[in-house]
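Okay, structure first, notes after.
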Amino acid sequence: MLEVAALSSRYGRIRALADVDLHVGQGELVALVGANGAGKTTLLRVLSGVQAAAGGRVRFEGSDVTRASPRQRVKMGMVQVPEGRQVFGPLSVEDNLRLGGFVRPAIEIAGALERVFGLFPILAAKRREMAGTLSGGQQQILAIGRALMTRPKLLLLDEPSMGLAPRIVAEIFAIIRSLKDAATTILLVDQNARAALAIADRAYVLEVGRIALSGSGRELLGNPRVQQAYLGL
């Protein structure tokens with residue numbers, strides 16, 4: 001579904017990504033782990049079109065989208081849940097979800113809302129409340145629900161467990177696993193390497209803007225280098 005070849009990106013003179021190669025197959029959950037500053041968020045921003053690529057190629061379902069706009073990528077089915085959730089605080093939960101469905105025909109919005117409310121009853125219960133009053137975990141669920149309003153083919157999840165209590169982190173990862181079980185294709189970036197690798201079909205380790213290791217989630221969980229650098233073992 002997604003093919004990234006020799007991808008690079010810069011912030012001015014600083015190279016943030018260098019010759020990154022990776023792929024995500026349909027129905028896979030692929031994790032991307034690495035230290036702060038490794039370039040994980042930058043990679044997702046380039047994939048979603050928010051940041052320009054300095055070189056290389058991004059192909060989505062066989063089409064070259066390297067220069068496509070973020071809107072075009074969303075319409076094609078590539079949707080990002082951003083780091084820090086970024087919900088619209090003064091708007092209601094329902095209005096946040098409706099904004100997520102901006103690429104869909106108006107006639108489909110009501111059905112999409114009911115599907116999201118069916119997946120996440122907490123959002124249905126709080127549909128009239130302002131998003132800014134929700135807890136951090138509830139805001140993360142809202143951000144995921146907002147992305148699902150587009151009926152994504154590929155979901156890009158950027159640090160979904162950031163800043164959440166351990167119990168809520170477990171809930172968020174259970175949601176991610178359920179989305180995978182429902183055949184949603186996912187590229188997951190998270191600082192919680194252990195949890196991300198545990199549910200991943202395959203995974204990549206990004207170090208200083210380059211892919212340093214790749215393999216199945218289980219293989220990388222057992223890799224001594226990964227254990228020492230990212231799992232505290």
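The values are calculated or read from the model by the stated rules, or taken from the named source; none is laboratory data. Treat the numbers as computed from the prediction; the structure is a model and nothing was measured. In this analysis, Cβ positions are derived from the backbone assuming ideal geometry, glycine residues included, and neighbour counts consider all displayed protein chains.
What the table below lists for this structure:
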quantity: Scope the stretch 177-198; condition in a helix (DSSP H, G or I) and either surrounded by 17 or more Cβ atoms within 10 Å (Cβ to Cβ) or of a type in the set (Ser, Thr, Tyr) (or both); matching residues; calculated: Ser178, Leu179, Lys180, Ala193, Ala195, Ala196, Leu197
quantity: Criterion violated by Arg67 - all others in (1) in a loop (DSSP other than H, G, I, E, B); (2) within 27 Å of Leu164 (Cβ to Cβ); (3) at pLDDT 95 or above; (4) out of contact with any strand residue (DSSP E or B) (no Cβ under 8 Å at 6 or more places or on another chain) satisfied; calculated: (2)
quantity: Wholly within the stretch 81-176, helices (runs of 4 or more DSSP H) carrying at least 1 residues that are among the hydrophobic types (A, V, I, L, M, F, W, C) and within 23 Å of Gln191 (Cα to Cα); calculated: 136-148
quantity: Matching residues, the stretch 213-233, being crowded, with 18+ Cβ neighbours inside 10 Å and touching a helix residue (DSSP H, G or I) at 6+ places or on another chain (Cβ under 6 Å); calculated: Gly217, Leu220, Leu221, Val226, Tyr230
quantity: Residue in the stretch 205-212 that is buried (at least 19 other Cβ atoms within 10 Å of the Cβ), within 20 Å of the chain's Cα centre (by Cα) and within 24 Å of Lys153 (Cβ to Cβ) present; calculated: yes
quantity: Members of the stretch 1-25 found to be part of a strand (DSSP E or B) and free of Cβ contacts under 8 Å to residues at least 40 places away in the same chain, listed by number; calculated: Tyr11, Ile14, His23
